[in-house]
Amino acid sequence: MSSILTRRALLARTWKVGLGLIGAAGIWSMWDLLQPLATPGFGGKVRSVAASVITEGSVTEVSEARAYLVRPPGGDIIALSSKCTHLGCKVPYCESSGRFECPCHGTTFNLIGEYLTGPAPRGMDTHPVEVGADGLLYIDTGTREDGPVPGVLTLDEPATGPSCDEGGHA
Ligand code: FES
């Protein structure tokens, strides 16, 4: 008789422990689901690509960050905001000229976003870039640093070819 009671007591305890574990797992899952995403999109840290993908002299657009990743010759990777410092148009990169050329009013910037010509008051703004625990580059779009003022030209190279702006600007 006492052996049956002991078995029942053991089964009851096992059930209680099992239910407790299931409850804890449920609470953990809910807590995990309610955590903010690692890459919340523009305005936060945007996950992009591995640093090895960004070769010297290349320009990689990261649309979600509204930015370009660039590794200047002999330099570290930088993130340039694609928003023109004049009136905010998106500034595309022109492969043929090797420059950023704003289609709205014709401001041009060199490979590292320094001001070259046009009505913009400064070079392209930048965002901090860091390598995450997953080895990927994160662009902090919540932080922005003003681009260099006109006249600052640390990369003084001629255009690599014709401009993408065939029509010109008034
Ligand atoms: S918005 Fe780019 S030059 Fe005006």
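For (1) charged (D, E, K, R); (2) at pLDDT below 95, each residue gets a yes or a no:
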site	(1), (2)
Gly118	no, no
Asp125	yes, no
Pro128	no, no
Tyr138	no, no
Thr141	no, no
Pro148	no, no
Asp156	yes, yes
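Could you tell me whether Glu114 is touching a residue at least 12 places away in the same chain (Cβ under 8 Å) and either surrounded by fewer than 18 Cβ atoms within 10 Å (Cβ to Cβ) or β-branched (Val, Ile, Thr) (or both)? Before the answer, list the steps.
Working: touching a residue at least 12 places away in the same chain (Cβ under 8 Å): yes; either surrounded by fewer than 18 Cβ atoms within 10 Å (Cβ to Cβ) or β-branched (Val, Ile, Thr) (or both): no.
No.
Can Leu155 be described as assigned to a strand (DSSP E or B) and either among the aliphatic types (A, V, I, L, M) or within 20 Å of Gly43 (Cβ to Cβ) (or both)?
On the way: assigned to a strand (DSSP E or B): no; either among the aliphatic types (A, V, I, L, M) or within 20 Å of Gly43 (Cβ to Cβ) (or both): yes.
No: the conditions fail for Leu155.
Residue by residue through region 77-98, note down the ones that are charged (D, E, K, R) and within 13 Å of the ligand (Cβ to nearest atom). Show your work before the answer.
Residues of region 77-98 charged (D, E, K, R): 83, 90, 95.
Within region 77-98, Lys83, Lys90 qualify.
Against the definition (charged (D, E, K, R), under 22 Å from the mean Cα position of the chain (by Cα) and part of a helix (DSSP H, G or I)), how does Glu64 come out, yes or no?
Numbers: charged (D, E, K, R): yes; under 22 Å from the mean Cα position of the chain (by Cα): yes; part of a helix (DSSP H, G or I): yes.
When the stated conditions are applied, Glu64 passes them.
What pairs come out if I take residues in region 48-71 that are closer than 15 Å to Asn110 by Cα and among the hydroxyl-bearing types (Ser, Thr, Tyr) and pair them with residues that are in a strand (DSSP E or B) and open to solvent by 20 Å² or more (accessible area, probe 1.4 Å) whose C-beta lies under 7 Å away, six or more apart or interchain?
These pairs meet every condition: Thr60/Val49; Tyr68/Val59; Tyr68/Thr60; Tyr68/Glu61; Tyr68/Tyr93.
Taking into account only those residues within region 73-102 that are open to solvent by less than 30 Å² (accessible area, probe 1.4 Å) and assigned to a strand (DSSP E or B), which is farthest from Pro119 (Cα to Cα)?
Result: Ala79.
Please specify each residue of region 120-170 satisfying the condition of being open to solvent by 80 Å² or more (accessible area, probe 1.4 Å), under 19 Å from Ala50 (Cβ atoms) and touching a Phe, Trp or Tyr at 6+ places or on another chain (Cβ under 8 Å).
Glu130, Val131
The values are calculated or read from the model by the stated rules, or taken from the named source; none is laboratory data. Computed from a prediction, not measured in an experiment: that's the story for all the values here. FYI the Cβ positions are ideal-geometry reconstructions off the backbone, even for glycines, and counts take in every protein chain you see. Side chains included, ligands, DNA and RNA excluded: accessible areas come from the protein's heavy atoms. Shrake-Rupley method; radii C 1.70, N 1.55, O 1.52, S 1.80 Å.
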